[in-house]
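Before any comments, here is the structure.
The values are calculated or read from the model by the stated rules, or taken from the named source; none is laboratory data. In this text the structure is predicted, and so the values were computed from the model without any measurement. Counting neighbours? That spans all protein chains shown, and the Cβs are built from the backbone with ideal geometry, glycine included. Areas reflect the complete protein model, heavy atoms only, side chains present, ligands, DNA and RNA absent. Shrake-Rupley method; radii C 1.70, N 1.55, O 1.52, S 1.80 Å.
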Amino acid sequence: VVKAFEMEIIPAERIVAQIGGTLILTCNTTGCASPSFSWRTQMDSPLGGKVSNHRTHSTLTMNPVSVVNSHSYLCTVVCDEREKKEKSVKVELYSFPSDPIIEISPSLVAGEPATVICKIPDVYPSDHLEVLLKKGEHVLHEENFFEDESTNTETKIVTYTFHPMAEDIGKEITCVARLPMADMDFEPKERTSSQKLNANFGPQNTVITASPGSSPMEGDSLNLTCVTQSNPPAQIVWSKYLAEQSIQHLIKNNVLSIPHVHFNDSGLYICEVVNLVTNKTENATVDIIIQGAPVITKLSIEPSTTVQEGENVSIQCSAESNPPPKIILRRKTDNANMGPYNYNARSILLPSVMFQNGGDYECVAENRFGNSKSEITLNVKYGPRNTMITVIPAATLKEGETVTMKCTSSGNPAPVIFWKKKTATGESEKISKNATLTIQNLKSQDLGLYECEAYNQFGKEEKAVKLYVQARLEEPDQMIPVIIAFSSVAAVAVPAVAILIYVSRQARINGSYSLVKALRLKV
């Protein structure tokens, strides 16, 4: 059976090709031993492709496909130079090769204008192009190119300006490009691209939190945390206001930790946050008040804890606490308050201090959280005084008996005491380095003036006692001297006379002189 002469074009009738791709049109024959092939466009335009003839078929290859290939192509076959047949195929073109390209300003600042650019590369035909710009699910901008008259592939650009907010950080900006050509069968007809929004902003809403609070107890730990909203993250610097409006810089960290707070940690703390990109700064402050029982910070005596009698003395006591302490300064020996000193850094003035002012002083500071005590000793130095001589026994003595004379004196430091006796030449001779002078086997040569001298580095004081014969006692066999002791004060001492009279035992007194006369004569 001889087959009839037939031909076909593959693909048949209509084909959709993407510009830039490869398209091969094939013209096949059957029932013809020696077919002759030819290709042309309906408008006799250039083929824009390469023809390749084979024994029973011919191909037209367009690589790459371009806009010049938008034609109806006609394949003509002549069989044995007698019979001719023709068929055509319509080539329709499009170009939608890649996803959109999104460009966003690299340094967006919240609240300031930002530009989004969406580029749709090599699109054709652009008069069908629709573009959407979305922020999250919200449509920012919609644009189409229905009136575009481009005859070739073009990159179409959509530009939109908006004001990003801080809450937009992390949201996606999406560009949706559509080429909705219902009569053309190609995929995809929609392409999208997204980019996360990263706007620089802040610092803003800066706050400080204090844990456990802004009024911790002394000795507790304290954490101050500075929180701010900023992109990129802000640089945080802690500082503290000092006296005279000076500032002490502390650390560069968002958390300031003080393991054990003290009263001097009270004050105004500043958290300064700086965004180096937006070049903006914001401050937050917190007033920290440390509470607790008083701590005595100073208890002193000026000019020194050891002074000489007559100097001007100041006793100072100060304490710190919150609430402010009540301060009581007193001398412990009499437990008497020395004034209503209810606030810090109070002084007690002791002009021309006396030795009676010496002793232990106590400072008590108290508030509702507790109290604190501290002590200091004032040591007042002074010269000897109140020097006294005591003669034992306090009765008439006979020759051969024992007499004890004891000298006492007060002073700071304790006075050194020694005894002297006037010699016949009127000079004083040291006879003892002890405060107590004992004369045994009393003889007439022991009579005379005895001097007790008390001294230290701040002065000296002297007292004297005189042993002399008051009268003679007549006995049948012998005369017994009666010794009288007379005490007086030397020139350097406060006038004070202690007279010790040893009353004679009952006896007949002959040829005696009166004691009063004797005192007048001797003193």
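Some values worked out for this structure:
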{"read-out": "Ranked order, Arg331, Arg40 - accessible area, probe 1.4 Å, largest first", "value": "Arg40, Arg331"}
{"read-out": "Estimated FRET transfer efficiency (Gln235, Ser257; beta-carbon r; R0 22 Å; 0.05)", "value": "0.75"}
{"read-out": "Ile24 paired with Asn283, simple spin-label distance in nm, labels 7 Å along Cα-to-beta-carbon", "value": "7.9"}
{"read-out": "Computed E for Lys3/Val51 - FRET, C-beta separation, R0 30 angstrom, nearest 0.05", "value": "0.75"}
{"read-out": "For the chain, size of Cβ-based charge dipole, Lys and Arg +1, Asp and Glu -1, in debye", "value": "4580"}
{"read-out": "Accessible surface, 1.4 Å probe, highest first, among residues Arg385, Arg346", "value": "Arg346, Arg385"}
{"read-out": "Contour minus Cα-Cα distance for Glu149 and Thr402 (0.36 nm per residue)", "value": "75.9 nm"}
{"read-out": "Linear extension gain, Leu140 paired with Leu268, 0.36 nm per residue minus alpha-carbon span", "value": "41.4 nm"}
{"read-out": "C-alpha center-to-center spacing [region 149-224, region 358-404] in angstrom", "value": "89"}
{"read-out": "Per-residue ³J(HN,Hα) for region 444-460, Karplus 6.51 cos²θ - 1.76 cosθ + 1.60, θ = phi - 60°, Hz, x for Gly and Pro", "value": "4, 6, 7, 5, x, 9, 10, 10, 9, 10, 10, 8, 8, 5, 9, x, 8"}
{"read-out": "Simple Cβ-charge dipole of region 292-381, Lys/Arg +1 and Asp/Glu -1, about Cα centre, in debye nearest 20", "value": "240"}
{"read-out": "Spin-label pair Ser246/Thr390, simplified geometry with 7 Å Cα→Cβ offset, distance in nm", "value": "6.4"}
{"read-out": "J(HN,Hα) series, region 348-365, from Karplus relation 6.51 cos²θ - 1.76 cosθ + 1.60, nearest Hz, glycine and proline x", "value": "10, 9, 10, x, 6, 4, 10, 5, 5, 7, x, x, 8, 10, 10, 10, 10, 10"}
{"read-out": "Relative contact order (percent, whole number), the chain, Cα cutoff 8 Å, 6+ residue spacing", "value": "7"}
{"read-out": "Of Lys298/Lys381; Lys135/Lys252; Lys119/Lys189; Lys332/Lys463, pairs whose Cα-Cα distance is over 28 Å", "value": "Lys135/Lys252; Lys332/Lys463"}
{"read-out": "Per-residue ³J(HN,Hα) for region 367-376, Karplus 6.51 cos²θ - 1.76 cosθ + 1.60, θ = phi - 60°, Hz, x for Gly and Pro", "value": "8, 5, 8, x, 9, 9, 10, 8, 10, 8"}
{"read-out": "Those lysines that a straight Cα-Cα span of less than 28 Å connects to Lys466, excepting residues fewer than 8 apart in one chain", "value": "Lys398, Lys406, Lys420, Lys421, Lys422, Lys430, Lys433, Lys443, Lys517, Lys522"}
{"read-out": "Two-site label geometry, Lys85 and Leu276: point separation in nm, points 7 Å out along Cα→Cβ", "value": "7.9"}
{"read-out": "FRET efficiency, Met165 to Ile10 (Cβ-Cβ, R0 60 Å, nearest 0.05)", "value": "0.55"}
